[in-house]
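Okay, structure first, notes after.
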Amino acid sequence: MNDNMIVIGKIIAPQGVRGEVRVMPLTDFPERFRELKSAQLDDGRNLPIESVRYHQQFVLLKFRDMNDRNAIEHLRGKLIQIEHKDLVQLPTGHYYIFDIVGLEVFTEENEYLGKVTDVLETGSNDVYIVEQKDKNPLLIPALKTVVLKIDIPDGKMIVKLQEVWESDAD
């Protein structure tokens, strides 16, 4: 898969007999499907979209010139992608998880702590999992008092460690 492409949905199955597919949206912005003129699939195909509608938690897509169940059955399991440049612009201070994962984490004194390997979505605030060399992972709450700076272009995060973390990290 191209690193420049972001997955926004997965084709689950045909819907009915008129050529629609049921798509599980893998985005916080399922309304974005209405704006798509075509679906870029993970196998490189680009299928023109004829119609978009919503049913329960699914997006129902109808592709041009695919008018029955047999014409779309082979699309089951395919991923729908968009280019990174077409992402929904987030407000300042908000980031996509895939932008956070991989950041190098440093203290405000420029001490290297490790790399963000995952983000836990806890409900109240996210928690960044930072893998450290020869130590247990560090759990950093995504709070402005803790995460001082996120620099996506430089691949860097600056954090203010709490004393209890520092003693646990030893």
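So here's what we get for this one:
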quantity: N46/T145 FRET efficiency (R0 35 Å; Cβ-Cβ; nearest 0.05); calculated: 0.15
quantity: Accessible area per residue, Å², the stretch 97-159 with all protein chains present, probe 1.4 Å; calculated: 60
quantity: Contact order normalised by residue count of the stretch 97-159, Cα under 8 Å, 6+ apart, percent; calculated: 31
quantity: Gain on full stretching of the segment that runs from N136 to L90 - 0.36 nm per residue minus C-alpha separation; calculated: 13.3 nm
quantity: Per residue value of the accessible surface for the stretch 5-86 (all protein chains in place, 1.4 Å probe), Å²; calculated: 56
quantity: Whole-angstrom Cα spans of the stretch 5-86 along principal axes, big to small; calculated: 34, 28, 20
quantity: Computed over the chain: relative contact order in percent, which uses C-alpha pairs under 8 Å that are six or more apart; calculated: 17
quantity: Extent along principal axes [Cα atoms of the stretch 97-159; Å; largest to smallest]; calculated: 29, 25, 22
quantity: Residues with amide H under 5 Å from that of Q15, placed H, sequence gap 5 or more; calculated: E20, V21, R22
quantity: Lys, Arg +1 and Asp, Glu -1 on Cβ, resulting dipole of the stretch 70-127 about Cα centre, debye, nearest 20; calculated: 440
quantity: Carbon plus sulfur fraction of accessible area for the chain, probe 1.4 Å, in percent; calculated: 47
quantity: When each of K85/K115; K85/K144; K78/K115; K85/K160; K133/K156; K115/K156 is checked by Cα-Cα distance, pairs over 20 Å; calculated: K85/K115; K85/K144; K78/K115; K85/K160
quantity: Positive-pole candidate from F58, M5, G93, dipole of the chain, charges at beta carbon; calculated: F58
quantity: Surrounding net charge for I158, when Lys and Arg each add one and Asp and Glu each subtract one, Cβ distance under 11 Å; calculated: -3
quantity: Ratio of Rg to Rh over the chain (Cα coordinates, Kirkwood Rh, two decimals); calculated: 1.11
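The values are calculated or read from the model by the stated rules, or taken from the named source; none is laboratory data. Since the model is a prediction, treat every value here as computed from it, not as a measurement. Don't worry about glycine lacking a Cβ; one is built from the backbone with ideal geometry, like all the others, and counts go over all protein chains shown. The protein model used for the area step is the full one, side chains on, heavy atoms only, and it has no ligands, DNA or RNA in it. Shrake-Rupley method; radii C 1.70, N 1.55, O 1.52, S 1.80 Å.
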